[in-house]
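Have a look at the structure below before the remarks.
The values are calculated or read from the model by the stated rules, or taken from the named source; none is laboratory data. All values reported here derive from a predicted model rather than from experimental measurement. Here the Cβ positions follow ideal geometry from the backbone for every residue, glycine too, while neighbour counts run over all protein chains shown.
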Amino acid sequence: MPKSRAEQSGFTLIEVIVALAIAALGLGMLMMATGTGLTSTSAADETIEATLRAQSHLDALGSLTPLRPGIQSGDDGGGYSWRVSVSQPVSHANAADPDETPPALYSILVTISWRSGLSSRSVSLSTQRLGHIAEAANAAP
């Protein structure tokens, strides 16, 4: 004897449509979370790259390039630009030998900037270095 409609097992069309809608919402949220994660990873990679470039510029100051007060800037390649600001040091003319120039403390700020999507981002590192004022005067162009 055939089963009546009430006794048949299975899902109705409405139940299947609701289940598919719930699954689609879940997958959509998962895709959004993945996109946000990839964007954050990319931003972190760019920030790490900029920090390494800034450290490289700091390392060169005083060893490869002379400490001289002023602002210098340029293109660092790869979409990054750099700016180095060296402040005028405070000299202490209390040396025992008048011919000897005592070291002075320079304040240095290195900023690396780049474009990330529609926004502009930057990383700045600052430090202080000892140097002789005479070195800065001789190194001026």
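Would you mind stating whether Gly37 is small (Gly, Ala, Ser) and under 25 Å from the mean Cα position of the chain (by Cα)?
Working: small (Gly, Ala, Ser): yes; under 25 Å from the mean Cα position of the chain (by Cα): yes.
So Gly37 fits the description; yes.
Of all residues in region 107-134 being crowded, with 16+ Cβ neighbours inside 10 Å and over 24 Å from Ser81 (Cβ atoms), which is modelled with the lowest pLDDT?
Ile133
With modelled with pLDDT under 90, surrounded by 11 or more Cβ atoms within 10 Å (Cβ to Cβ) and in a helix (DSSP H, G or I) as the only criterion, which of Thr51, Thr39 stands out?
From the options Thr51, Thr39, the qualifying one is Thr39.
Residue pairs, Cβ under 9 Å, 6 or more apart or interchain, first in region 17-44 and within 21 Å of Ser122 (Cα to Cα), second of a type in the set (Lys, Arg). List them.
Ala43/Arg121
Taking the condition of being modelled with pLDDT under 90 and surrounded by 10 or more Cβ atoms within 10 Å (Cβ to Cβ), how many residues in region 1-32 meet it?
Final tally of qualifying residues: 1.
Go through region 62-82 and give me each residue that's assigned to a strand (DSSP E or B), of a type outside the set (Gly, Ala, Ser) and over 20 Å from the mean Cα position of the chain (by Cα).
Quick first cut of region 62-82, residues assigned to a strand (DSSP E or B) only: 65, 70-77, 80-82.
From what is left, the residues that are of a type outside the set (Gly, Ala, Ser) are 65, 71-72, 75-76, 80, 82.
Matches in region 62-82: Thr65, Ile71.
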